[in-house]
Structures are given as C-alpha cells and as structure tokens.
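Notes to accompany the following structure.
The values are calculated or read from the model by the stated rules, or taken from the named source; none is laboratory data. None of the values given here were measured: they were computed from a predicted structure. Cβ atoms come from the backbone with ideal geometry, glycine included; neighbour counts cover every protein chain shown.
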Amino acid sequence: MPNGGAANSGDAAPQSSAAPTPRPTTATAARRAGRSRHKRQLFLHYWLPVLLMLGLITVESTTAASGMHTFRLLAWLMKRLGISLGYAELELLNIILRKCGHLIGYGLLCYTWFLLLRGIYWFQHEYQLGLKEGMVIRRLWWRVEWAVVAVFCTFLVAVADETHQMTLSVRTGRWRDVALDTTAAILVATLLWLRARRRGQRQQS
C-alpha cells in the first residue's frame, strides 16, 4: 500500500487565508477628502471665531483691563484730542464705555456660538439638500435649540469671567454684569430670529 505520508507530500501547499487589502475606490477617496475639507472649513469659519472671542474675553478679565487702567487710557486719549473733562465726567464716560464693551463683546460671543451650532448642523445636514427638499428657510437659519445653547454658553463664560475677577485685587466681579452680558446674548439671538423670519417671508412671497 502506498505510504499515506508520501501521498500527502505531493499535495499543494495551503495558501494564506489573509485577503489582500482592498484599495479605496475613487468615491471613497472623494468622501474622505470631502470630510477633511468640511472639518477644515468648520474650524476656520466657525470654531476659530469662538476661540478668538474667548481669548479676547480672557485678556479682558485680567488686571490689564481693569477700570483704573481704562480710566487712565481714556484720560490720555481725551487730552490728546484736546477735550477737557473733569474727573467725574471721565469716570462716567469710562463706566459707559466699559458697559458698552460688555454688551458688544458678549453679544459677539453669543453670535459666534450661534454660528458654530448652525455650521455644525449645516455640515451634518447638507445645506443644498435642505433647499432641494423644500425645507423652510427659517429652519436653516435659526432654531430655538441653537439660540438656547448659544445664550447658555455665553452665560457660563460671563459667570466664569466675573468669578475670576473676584479673585483679583484690582478687579471687582459683579453679578449684574453677568445679567448685562446675558441680556446682550438674548438680544443677539432675538435679532437673528428676526433676520431668519424675514428670510422666510421673502421665501413665501
């Protein structure tokens, strides 16, 4: 009888079971490139403005932006402009400008938060696709959840800002400033709603 081992020795060697790694198709590569481009655009157009505003508020929260420093800067500027103001007038003007700075700064912060949330939605739900499917324009430009989150994030930053100022000897954290900052955020969210509503009315007409 033939040797079983000798008979098996003539069999072909088993091939490796590992399948070759498939090369990405052109469509897959295009999708990856599109996602990478979207991430880059999301950062540059939406995340970066938020980070810049947070950095600006962080600097404003230091001793360099205290009321004493802005008062001296304002007095120097009035002198350079040839405008004569007394101490009380300078102090009042300093307070008014600082409160306007709160309104503008935190209003812009809320605006950047809102743009970020809207940008994330647009990248997740294609903007052009929404138009093709007949989505109401106002829903593409303003949603209540975006406004609520934007205002809340602005409120948290305002609380952190004023709490940090309480730890500095030359700064005074005030809760009424938190209320002022939050009011600015609510005002911006309302203006964005009015703008989106106008867009919707133009769409219907």
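Taking the condition more than 19 Å from residue 179 (Cβ to Cβ), of a type in the set (S, T, N, Q) and without any contact (Cβ under 8 Å) to a residue 24 or more places away in the chain, does residue 84 pass? Walk me through it before giving the result.
On the way: more than 19 Å from residue 179 (Cβ to Cβ): yes; of a type in the set (S, T, N, Q): yes; without any contact (Cβ under 8 Å) to a residue 24 or more places away in the chain: yes.
Answer is yes for this residue.
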Next item on the list: Select from the stretch 186-205 the residues that are at pLDDT 95 or above and farther than 15 Å from residue 115 by Cβ and write down the one among them that is surrounded by the fewest Cβ atoms within 10 Å (Cβ to Cβ).
Entry: 190
Item checked: Candidate set from the stretch 138-157 (those that are of a type in the set (A, V, I, L, M) and buried (at least 18 other Cβ atoms within 10 Å of the Cβ)); member that is farthest from residue 186 (Cα to Cα) -> 140
Next item on the list: Pairs only if they're at least six apart or on different chains, beta carbon under 8 angstrom, first in the stretch 147-166 and closer than 30 Å to residue 194 by Cα, second outside any helix (DSSP H, G or I) and not basic (Lys, Arg); list them, first residue then second.
Entry: 161/61; 161/173
Next item on the list: Tell me, please, whether a residue that is under 21 Å from residue 110 (Cβ atoms) and buried (at least 19 other Cβ atoms within 10 Å of the Cβ) can be found in the stretch 164-172.
Entry: yes
Check: How many of the residues in the stretch 81-124 are more than 16 Å from the chain's Cα centre (by Cα), among the hydroxyl-bearing types (Ser, Thr, Tyr) and either within 30 Å of residue 142 (Cα to Cα) or not in a helix (DSSP H, G or I) (or both)?
Finding: 1
Notebook entry, point to check: Across the stretch 61-80, which residue is modelled with the lowest pLDDT among those that are part of a helix (DSSP H, G or I) and among the β-branched types (Val, Ile, Thr)?
Noted result: 63
Notebook entry, point to check: Which is of a type outside the set (S, T, N, Q) and closer than 28 Å to residue 113 by Cα, of 67, 82?
Noted result: 67
Check: Checking residue 19 against (1) under 25 Å from the mean Cα position of the chain (by Cα); (2) of a type outside the set (Asp, Glu); (3) at pLDDT below 90, which test does it fail?
Finding: (1)
Notebook entry, point to check: Does the stretch 106-119 contain at least one residue that is crowded, with 16+ Cβ neighbours inside 10 Å, among the polar types (S, T, N, Q), more than 22 Å from residue 145 (Cα to Cα) and touching a residue at least 24 places away in the same chain (Cβ under 8 Å)?
Noted result: no
